[in-house]
Each structure stands twice: as C-alpha cells, then as structure tokens.
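Q: One structure is given below, represented as structure tokens, and several questions about it will come after.
The values are calculated or read from the model by the stated rules, or taken from the named source; none is laboratory data. Source: prediction; values computed, not measured. Cβ coordinates were reconstructed from backbone atoms using ideal geometry, including for glycine residues, and neighbour counts include every protein chain displayed. Note: areas computed on protein heavy atoms with side chains; ligands, DNA, RNA excluded. Shrake-Rupley method; radii C 1.70, N 1.55, O 1.52, S 1.80 Å.
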Amino acid sequence: MYFRAWTALIGDMGYALSRLEIDPDYSDGESSPIGDDNDSQQSSSQNELDHEVAQLTKLRSAPHDRLKRVLPRREEVSISPVKMLAGREGNYSGRSRFSSADRCHILNKYLPVKGPSIVDQLTTRAYVSQFSKDGSLFVAAFQGSHIKVYNAETGWKLHKNIVAESLRWTVTDTSISPDNRFLIYATMSPIVNIVNIGSAATESHANVTEIHEGLEFSADDEGGYSFGIFSVKFSSDGRELVAGSSDDSVYVYDIEANKLSLRIQAHTSDVNSVCFADESSNLIYSGSDDNLCKVWDRRSSRSKGKPVGILTGHLEGITFLDTRNDGRYFISNGKDQTIKLWDIRKMSSNAPRAPGFRNYEWDYRWMDYPQRARDLKHPLDQSVATYKGHSVLRTLIRCYFSPEYSTGQRYIYTGSHDSCVYVYDLVTGARVARLVHHKSTVRDCSWHPYYPMLVSSSFDGDIAKWEFPGNGENPTPANNSRPRRRYFD
C-alpha cells in the first residue's frame, strides 16, 4: 500500500507535492540538524568524502544534467520538486519520465523525521525492530519473550504474537525470510528457532499453539557445549542462515538440508554481527569484540580457517555491521562511539601490528566512554570514512544504510544510548537529523524500504514511527502519562 501510494504521489504532477516545497525545515541546501529544536550542534567527523563510494552515491541521487540547468551555463545542485516535475513534463531529459536517481533526488528532501506516533508500548525492553524486505511486515522483539509482527499495510494490525521458546536473557536477533513466510529468532543459546508467520493463527506460543522448530548450531561432537547467538540473518534466497556467536565463531546453516554446513573459528572474541555481503551469499562480513572486521569467501579453500581480508580501524569492539549489498562496501558501529565506512579493496591479509594506544580501563556495559579517548585515532585505520555524534553504550546498538529505492543509500542512520536516532549524510559526514522521543537507549531502528517512514525501538518499551508529514493518517499520540520503568545501567 505504502509503495503504491508513494509511487503514485511522485509520479503525478500535482498540488500536494508542490505544496510541501514551502516547508522551511526542508529548504534546498538545508544543513542544520532536524528533530530537536534545542540542539544546534552539527556532528561531523570529516569534510566531504572524496572516494569512489561518494561518487556512486551522488550518481544514485542526483537529477539528470538537463534538469539541473535553469539558465545556459548555469546549474543548480539541488532542484526543487516543482522544477523537477516541470522538467519531466517538458521532457527536458528526453526520457519523458523520472530515472531512479531523479526519484531519489526528490525523496531525499522528505526524510522521516516528523512525529512520532506510537505503534506499541510494552513494559519491557525492545531489542529488535526490522521491516521485511518488501516493507509489508514489521517485527519487534522484546526482552520479555515477546516477538510481535505487525502488518504495515493494514494500519499496523498485529499479524503475529510470538512467545519465544528457550529464552535466555533476551531475544538477541530476528530475521524474516525474503518471501515473508518464516521468521527466525535467536537468544543466548546455540539453538535458533524458526516460526511460520504465514499461518492463519495470530497467537504463536512456542510448541503450545504452534511448533517453533529448533535449528541446532552446536556440532554433535561438542557434547552439548553452550554458547549464545548475537546475530542471525537469512540469505537472499532464503535457503541459508548466517550467524555470529559468543564462542568467537561464524556459522552457516543450510535450511533445506536442515544441518550446519559451515563453522569458522573467526575471531578471538565474541562475534557480535554478521551479514552476507551481497545477493550471491558467497562473501560474509563479520565484526567482533576483538575490534576487527573480517571478510570471508566461501568459495575459497581458506574460508574454514582464514579470512580473505581483515579491516582495522576501530579502537573498541564492533556492535553491528550493515552491507551496501554490492559486495564492496559496508558500515560498522563500534564501542569507540563511531560508525566506520569500509571498502573491502583496502583490506589486509593479516591484522596489522599496531603500537599500544589504550592506556585506560573501560567497560561499555556500565561506564561512560572516557573523554580522553574520544579524539584517539587508530594509527593504521583502513576505513574510508568515520561518523561521530551518537553514543554506543550498554548494548549492541545498530546502524544501517538508508534504502536504495528512496534515497540511493545517501544516508547512514543509527540508534544511540542517549535515547535518540541519528541520521548522517554519507558523503558530507554531516548529521542531518536527530530524532528525539524515547526515554532510554534506542538499540534498533528500521527505515521502510520504499516509503519515508522510520520505526525506532527502545529500552523504554516504545515502538515509535517517524514519517514525513502529509501521509493522510492521524498519528496516535505518545502516551507519556503511563508509568515508566527506570533503568540503572
């Protein structure tokens, strides 16, 4: 519904879209942060990025050259939607339609920063919030055994209420299969459970109302060795899972064969995040508390023991990875309070030996990051760019590229321990939005793949929906009067 409605909106030249041009928060060339009127600090760790990925990003979100020209020999960098629509109707580009880059140029002006409206409120911490690949479903996972799946196309009606099996501490991760038929969830256990979310029943209590099949990730010869799984994801074809665990390993599970197909002793500490690099699922990225990102190629005979490359730059452990889905670039969130952008062509075959630079004691689970460490830089940093301003404390906070369809992956967004959601411009490094609502740590957030909508989840129990104004819906006001739990981290 959202995809069709928004496609129709940008496809038709009409007053509704033209009217949005007068919104002062989104004027051309706007560079101040959005979302907090009392916060004027511009968080940026770099000048404009001078790298191939910056050029690729600009090409994905820049209008056609002929649409830029307002006078002979004069170009405008940012073109208003009204001028873009007029240029399309006048066939200035010679195509009689918008290209994907033209579309992204328009939609990049309408960021999901207004609101929020409340999707749901629970009295337990929310750990996971994710849209399905097509944006029709949204899953939120909570510490108190509950996983809720909402239908984002029917007014956020509850699609599935899952009560988890064999819960240890919390639901650490979930993933929806590409065809929206199945959901997997992981806890601090070597068993990943799979649930049929395409069934008719709304209630799914593990092995009571429905079967939650357990996929065993520990090998038969390990004698019941126990470990936890921090990260798990479906492959693009839905046939495999990749997982990262507390036993320093990366696992690949073959769903069709119903067996573990690969285990890599990948790091020297917890593997907090893993992902397939692209649609082929041959490359795997992993990030660990040993401060390293590693690249694994399943086609290589070395893949069982040695990575094809190592990327160094974080000063502390890595909490999350997200791929640009091109087999070349990815981002990582780190406990050194930074997001780093990586190009795997810069990777080394071995971890470089760096001189000792940490002369302080610190634990992110209960301490603030030392002030003296904030300006430190790894002497052998291989990253392409670094983004600062958010806070990565207490939990494995996640970061992502913005959607390709609507933004050309122009932005990077992340949760934060300071209860906000941050949005950075990938090219300039500037913070373009800071979303303020929650009362506790925002661990996860998810941008709709097609529509200007972002949903954040927090340790305060709120699932909050941010949108660009004008979607025709009446927002559900935040219920700030209800008793809130206090958290002492």
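Q: Between beta-carbons, use under 14 Å as the cut-off and find the net charge around Leu56, counting Lys and Arg +1, Asp and Glu -1. Mind dumping the intermediate values first?
A: Values: positive: Lys58, Arg60, Arg324, Arg328, Arg345, Arg410; negative: Asp50, Glu52, Asp326, Asp343, Glu404.
Taking every Cβ under 14 Å from that of Leu56, the sum is +1.
Q: Tell me whether the range 369-427 comes out rounded, prolate or oblate; compute the Cα gyration tensor, take square roots of the eigenvalues as a ≥ b ≥ c, and use a/c under 1.5 as the rounded threshold. Walk me through the numbers before you get to the answer.
A: Working: a/c = 2.61, a/b = 1.36, b/c = 1.92.
Oblate, since a/c reaches 1.5 and b/c is not below a/b.
Q: Output wanted: per-residue J couplings in Hz (rounded whole) for the range 272-278, from phi through Karplus 6.51 cos²θ - 1.76 cosθ + 1.60, θ = phi - 60°, x for Gly and Pro.
A: So the Karplus estimates, Gly and Pro as x, are 7, 7, 9, 6, 6, 6, 7 Hz.
Q: If you count, for each residue, the other Cβ atoms within 10 Å and average over each peptide, how do 358-368, 120-130, 423-433 line up from highest to lowest? Before the final figure, lay out each step's value.
A: Numbers: 358-368: 11.5, 120-130: 20.2, 423-433: 22.9.
In decreasing order of mean packing, 358-368, 120-130, 423-433 become 423-433, 120-130, 358-368.
Q: Oh, and also: Can you work out the Karplus-derived ³J(HN,Hα) for every residue in the range 455-462? Use 6.51 cos²θ - 1.76 cosθ + 1.60 with θ = phi - 60°, whole Hz, and x for glycine or proline.
A: Going residue by residue, I get 10, 10, 10, 9, 5, 7, x, 8 Hz, with x marking Gly and Pro.
Q: Report the FRET efficiency, 1/(1 + (r/R0)^6), for Arg374 and Ser348, where r is their Cβ-Cβ distance and R0 is 35 Å, rounded to 0.05. Intermediate results must be reported in sequence, preceding the final value.
A: On the way: r = 26 Å, r/R0 = 0.75.
That pair, Arg374 with Ser348, gives E of 0.85.
Q: Right, another one. Gain in length, Asn207 to Asp381, computed as 0.36 nm per residue apart minus the alpha-carbon separation, to one decimal in nm? Walk me through the intermediate numbers first.
A: Details: separation 174, 0.36 × 174 = 62.64 nm, distance 4.85 nm.
Answer, rounded to one decimal: 57.8 nm.
Q: In debye to the nearest 20, how big a dipole does the range 144-271 give about its Cα centre with +1 on each Lys and Arg Cβ and -1 on each Asp and Glu Cβ? Display every interim value, and only then the final one.
A: Values: 9 positive and 18 negative charges, 101 e Å.
Charge dipole of the range 144-271: 480 debye, to the nearest 20.
Q: State the percentage of accessible surface on the range 275-326 attributable to carbon and sulfur atoms; use a 1.4 Å probe and exclude ligands, DNA and RNA. List each step's numbers first, then the result.
A: Details: 670 of 1580 Å².
Taking all protein chains in place, the range 275-326 shows 42 percent carbon and sulfur surface.
Q: Expected output is a single nm value to one decimal: the length gained when fully extending between Asp179 and Tyr360, i.e. 0.36 nm times separation in residues minus the C-alpha distance. What is it? Don't jump to the answer; show the numbers that get you there.
A: Numbers: separation 181, 0.36 × 181 = 65.16 nm, distance 4.80 nm.
So the chain would gain 60.4 nm between Asp179 and Tyr360.
Q: What does the charge count around Arg410 come to, taking other residues whose C-beta lies under 12 Å from its C-beta (Lys +1, Arg +1, Asp -1, Glu -1)? Show your work: numbers first, answer last.
A: Details: positive: Lys58, Arg60, Lys109, Arg324; negative: Glu404, Asp425.
Every neighbour counted, the sum reads +2.
Q: Then there's this: What is the distance in Å between the Cα centres of the range 397-472 and the range 235-311?
A: One Cα centre to the other: 27 Å.
Q: Mind ordering 208-218, 236-246 by average Cβ neighbours within 10 Å, highest first?
A: Working: 208-218: 16.9, 236-246: 21.1.
Listed from highest to lowest mean packing, they are 236-246, 208-218.
Q: Only four residue types carry charge here, +1 at the Cβ of Lys and Arg and -1 at the Cβ of Asp and Glu. Report the dipole size of the range 109-174 about the Cα centre in Debye, rounded to the nearest 20.
A: On the way: 8 positive and 5 negative charges, 36 e Å.
Taking the Cα centre of the range 109-174 as origin, the dipole is about 180 debye.
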